[in-house]
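Data first, discussion second: the structure below is written as structure tokens.
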Amino acid sequence: MIFITGPLYAGKEEYIRQALGWGAEDFSANAVRDVHTLVPCDHLEKLADELAGKKVVIATEVGCGVVPVDPAERRRREDAGRLSCLLAARAETVIRVCCGIPQLLKGEWP
Amino acid sequence: MLSLIIGGAGSGKSALAEALCCKLEGPRLYIATMQAADGESMKRIEKHRRQREGLRFDTLECPHSLDRAEIPQGANALLEDLSNLLANELFSPKGSGADAVRRGLQKACERCANLTVVTNEVFSGGADYGEGTMQFLQELAALNRELAAEADLVAEAVCGLPNVLKGALP
């Protein structure tokens with residue numbers, strides 16, 4: 001599995017589709033995006049195991065701002081971060097995309 | 001040469017951009033985008049002025065309408081910063097939208113021998129904002145990606161250190 005992370009609107013999906021030569025159908029059949037929206041979740045390990053069955057998983061970094069006052073918001077943000085760590089651990093390749101530019105964090109370039 | 005420096009608040013992106021510009025021979029132009037609206041922005045402007053003291057920058061005030069700015073041909077320019085310029089074009093009464101920024105950048109690229117653009121990493125703190133903020137984020141991200149695609153150098157400032165994403169530091 002290739003895990004793609006990076007800031008909002010950084011061009012994460014565009015990058016990996018181009019890198020793999022995937023059209024929209026390939027992408028929808030083999031990839032899942034916006035996994036940071038699948039939280040809060042009481043079974044993050046299980047969720048990560050399921051997601052790791054895909055060829056490509058994409059998450060947006062959401063944990064770099066001020067700690068939210070609202071406990072539910074804090075929980076979501078924390079879970080999103082933990083989920084990304086679990087996905088990165090399961091991934092063969094981890095790439096961070098910033099301003100449309102990929103940076104390899106783990107494994108080899110696809 | 002076009003360089004894009006991105007970073008979060010207090011990441012040292014200005015100092016990094018200034019250091020890059022100071023490696024260049026000849027006169028340097030600082031394109032300042034912040035509108036002095038209140039005490040805090042005045043203080044911020046003053047801090048940046050002090051930081052640039054002795055670095056031999058001429059200052060061109062340009063809070064909006066970069067496409068009409070009189071940038072000398074062949075300038076070594078530092079534009080600081082893109083998010084301020086975009087916010088002014090989107091939200092201030094004198095603004096005329098994101099495309100004005102796009103046109104202005106195009107013109108600045110044509111005019112300048114070297115252009116360094118400072119922009120803000122504001123995309124990693126959540127994805128759940130109001131409509132106006134989401135529009136601002138989308139427009140800024142698009143400008144960042146477009147500049148990064150054209151740029152010779154893209155670096156992210158992290159704790160004052162450059163994380164080079166594209167090209168190489170001079």
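Structure notes:
- Among beta bridges identified by DSSP and lying wholly in chain B, the antiparallel ones come to about 15 percent.
- For the protein assembly as shown, the percent of C-alpha pairs falling in each 10 Å distance bin, counted from 0 to the bin holding the largest distance, reads 6, 27, 32, 21, 11, 2, 0.
- By other beta-carbon atoms within 10 Å, ranking A:Trp109, A:Trp22 with the fewest at the front produces A:Trp109, A:Trp22.
- Taking GluC sites (Glu not before Pro) across region B:22-52, the ones in a DSSP loop with at most 10 further Cβ atoms lying within 10 angstrom of their Cβ are B:Glu25.
- Separation of the B:Arg56 and B:Glu131 label points, Cα + 7 Å toward Cβ, nm: 5.1 nm
- Size descriptor for region B:41-170, Kirkwood hydrodynamic radius: 16.0 Å (Cα pairs only, one decimal).
- Efficiency of FRET from Cβ geometry, B:Ala113 and A:Val66, R₀ 30 Å, rounded to 0.05: 0.15
- The spacing between region A:50-96 and region B:48-110, judged by their C-alpha centroids, is 36 Å.
- Counting only residues at least eight positions apart within a chain, or on another chain, the lysines with an alpha carbon under 24 Å from that of B:Lys23 are B:Lys13, B:Lys47, B:Lys107, B:Lys166.
- Ranking of B:Phe123, A:Phe3 by neighbouring Cβ atoms within 10 Å, starting from the fewest: B:Phe123, A:Phe3.
- Cα-based reach from A:Lys46 at 19 Å (exclusive), listing aspartates and glutamates while leaving out same-chain residues under 8 positions away: A:Asp34, A:Glu78, A:Asp79, A:Glu92
- Of the DSSP H helices in chain B, those whose Cα atoms cover at least 18 Å axially and whose Kyte score averages -0.5 or more: B:131-150
Readers should treat all values here as calculations from the given coordinates under stated rules, not as data from a laboratory. Since the model is a prediction, treat every value here as computed from it, not as a measurement. A quick note on method: Cβ atoms are made from the backbone with ideal geometry, for glycine too, and the neighbour counts reach across all protein chains shown.
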